[in-house]
Amino acid sequence: MGMDKKEIRRYCRRMREEQSAELAAEKSHEICRQILASEEYKKADSVLVYIATQGEVSLEEVIRDAWEKGKVVASPRVEGKTMDFYRINSFEELEEGNFHVWEPRKECEVFTPGQQTLFLVPGVAYDESRRRVGYGGGFYDRFLERFPWLPTTGIGYEFQILPEVPCEPTDIPMKKILTEKGWRIEIQ
């Protein structure tokens, strides 16, 4: 395929925009259903999530289920070049932040992931080797440098899986990828 990261971002953004809201909701529901049925989710006491924007897979069902089950839910907030996750107890604790992304308010409590934390990661594109193309800020890769042991699941639609994506030395591959068609798992 041979696209560079800029072309990949343009292609995937166009694919998300061309997808109807109904189809995106159906696919998001199927992805959430698979997360909720997974052993990793059932065992987790906390979940690191993102708040969907610009046609991303919505994790709202997972977030609501986690709150109902008493799990800690944390989402990212960016300050300068650093991204940390903050505990949220309702959608009312979010505000519009950088890049028109919904983030926890400053007064929310910073959350440090533990051994039972499930990490659901957004991405622009992935490949069959579980490499991820993000939005270009490097925030998730820098966060994972601090918590390299976290079990990462890249979340996306099936059209976001490409044969190969360009990779930098700082790019950290996902342990798993989940689309509406199912899981792609790291081979041990």
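Listed values, structure above:
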item	result
Single residue of region 174-187 satisfying the filter (modelled with pLDDT of 90 or more and surrounded by fewer than 16 Cβ atoms within 10 Å (Cβ to Cβ)) that is nearest to residue 132 (Cα to Cα)	183
Total residues in region 30-70, condition over 17 Å from residue 105 (Cα atoms), of a type in the set (Phe, Trp, Tyr) and not in a helix (DSSP H, G or I)	0
Filter pass, residue 99 being under 23 Å from residue 7 (Cα atoms), among the hydrophobic types (A, V, I, L, M, F, W, C) and either surrounded by fewer than 21 Cβ atoms within 10 Å (Cβ to Cβ) or at pLDDT below 95 (or both)	yes
Counted residues, region 53-81 - those being touching a His at 6+ places or on another chain (Cβ under 8 Å) and either without any contact (Cβ under 8 Å) to a residue 24 or more places away in the chain or under 17 Å from residue 38 (Cα atoms) (or both)	1
Criterion (over 30 Å from residue 112 (Cα atoms) and either touching a residue at least 40 places away in the same chain (Cβ under 8 Å) or among the small types (Gly, Ala, Ser) (or both)) met by exactly one of 44, 24, 37	24
Within region 71-109, tally of residues that are over 17 Å from the mean Cα position of the chain (by Cα), under 12 Å from residue 48 (Cβ atoms) and either outside any loop (DSSP other than H, G, I, E, B) or hydroxyl-bearing (Ser, Thr, Tyr) (or both)	0
Qualifying residue in region 38-47 (condition: within 14 Å of residue 178 (Cα to Cα) and either under 15 Å from the mean Cα position of the chain (by Cα) or aromatic (Phe, Trp, Tyr) (or both))	yes
Any chance residue 152 is farther than 22 Å from residue 29 by Cα and at pLDDT 90 or above	no
Selection within region 105-122 - without any contact (Cβ under 8 Å) to a residue 40 or more places away in the chain, touching a helix residue (DSSP H, G or I) at 6+ places or on another chain (Cβ under 8 Å) and not hydrophobic (A, V, I, L, M, F, W, C)	105
Filter result for residue 119 (in a strand (DSSP E or B), under 14 Å from the mean Cα position of the chain (by Cα) and surrounded by 15 or more Cβ atoms within 10 Å (Cβ to Cβ))	yes
Residue 173 being in contact with a helix residue (DSSP H, G or I) (Cβ under 9 Å, 6 or more places away or on another chain) and in contact (Cβ under 8 Å) with a residue 40 or more places away in the chain	no
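The values are calculated or read from the model by the stated rules, or taken from the named source; none is laboratory data. Please read all numbers here as calculations on a predicted model, not as lab measurements. Positions of Cβ are generated from backbone atoms using ideal geometry, with glycine treated the same way; all protein chains shown enter the neighbour counts.
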